[in-house]
Amino acid sequence: MTPTITAFASSPDRGQGLARDMRVRWALEEVGQPCKVRLLSFHAMKQPPHRALQPFGQIPTYEEGDLTLFESGAIVLHIAQHHAGLLPDDDHARARAIMWMFAALNTVEPPILDLQTAKFAESDKPWTAERLPLIKDRIRARLDDLALRLGDADWLDGAFSAGDLMMVQTLQRLKPSGLLHEYPNLAAYVARGEARPAFKRAFAAQLAVFTGSLAPD
Ligand code: GTB
């Protein structure tokens, strides 16, 4: 059954792949699963029909038969568990790949989101100028450790996995800040992710929403 995902009809990043439907699209491309995409305006995202699928009025969602999921991490995990290609067969390696997904979402992403909130939602607040260096240092503390662990390996734990997909997507959000490029091995890691054919197809599909003529629901 072809799943349906939701995405912004008009993404604030103008198709730069920063919205969270991108990680779901990428996971689906990695496993060779086509999907339908329902585009939503900001207004539609906050209305009861969408909130019945996503209680917080956000994208992405994932519908497949009578299963509805929200939370991009849960969606990518579901895809990875039901198709070959994103999780290793070995039980322990599989658990570690899932661990890296959680590390991306729970340990690395929070200070990166703080930076985005400070820059875009709180830039007019008097405390922001003082707060920004503190947030950047918290991000650097995570990147120091991640860079050390990755070393000169291609991926975090053997072959590319859903853990790498989630970590690459998380680190991509740092690009505009310049912080990623303080860590050449992490910048190269992100570039390796972006060079994957599945990533390129997913990126092109979400960019087409911005440049194309698809209408919102
Ligand atoms: N934890 C949830 C998940 O992982 O699925 C978070 C979902 C989420 O934050 N969705 C955002 C959303 O719907 C879109 S991706 N926001 C609308 C709202 O909350 O009202 C976050 C995002 C949005 C825009 C950019 N951008 O333009 O650069 C980047 C990331």
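Read the figures in this text as sums done on the coordinates, not as results from a lab. On a predicted model such as this, the values are computed, not experimentally measured, just so you know. In this analysis, Cβ positions are derived from the backbone assuming ideal geometry, glycine residues included, and neighbour counts consider all displayed protein chains.
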* Rounded to the nearest 500, what is the chain's calculated 222 nm mean residue ellipticity when only DSSP H runs of at least 4 contribute -39500 (n - 2.57) each, over all residues? -> -15500 deg cm²/dmol
* Structure fact -> Computed ³J(HN,Hα) along the range 101-106: with the Karplus parameters 6.51/-1.76/1.60, θ = phi - 60°, integer Hz and x for glycine or proline, the list is 4, 5, 4, 4, 7, 9
* trypsin sites (Lys or Arg not before Pro) lying in DSSP loop within the range 16-46, provided at most 14 other Cβ fall within 10 Å -> Lys46
* Asked: What is the dipole size for the chain, taken about its Cα centre, with +1 at each Lys and Arg Cβ and -1 at each Asp and Glu Cβ, in debye to the nearest 20?
  -> 600 debye
* 20 Å Cα-Cα reach of Lys119 towards lysines, excluding residues that sit fewer than 8 places from it in its own chain -> Lys136, Lys175
* **Of Ile5, Gly163, Gln116, farthest towards positive along the dipole that unit charges on Lys, Arg, Asp, Glu beta carbons give the chain** => Gln116
* **log₁₀ of I(q)/I(0) at q = 0.14, 0.17 Å⁻¹ - the range 91-196, Debye sum with one point per alpha carbon** => -0.54, -0.76
* To do: May I ask for the percentage of alpha-carbon pairs in the range 54-134 that lie more than 20 Å from each other?
  => 54 percent
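Please report the orientation-averaged projected area of the range 1-43, defined via the convex hull of its C-alpha atoms, in nm². Don't skip to the answer; put the middle values down first.
Values: hull surface 12.6 nm².
Spelled out: convex hull of the Cα atoms, projected over all directions, averaged, 3.2 nm².
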* Asked: Quick one: in the range 1-122, what % of C-alpha pairs are over 20 Å apart?
  -> 49 percent
* For the range 18-63, which chymotrypsin sites (Phe, Trp or Tyr not before Pro) are both in a DSSP coil and crowded by at most 13 other Cβ atoms within 10 Å? -> Phe56
* Each residue of the range 155-167 in turn: what ³J(HN,Hα) in whole Hz from Karplus with 6.51, -1.76, 1.60 and θ = phi - 60°, glycine and Pro shown as x? -> 10, 5, 8, x, 6, 3, 9, 4, x, 5, 4, 6, 5
* To do: Could you quote the convex hull projected area for the chain, Cα atoms only and averaged over all directions, in nm²?
  => 12.5 nm²
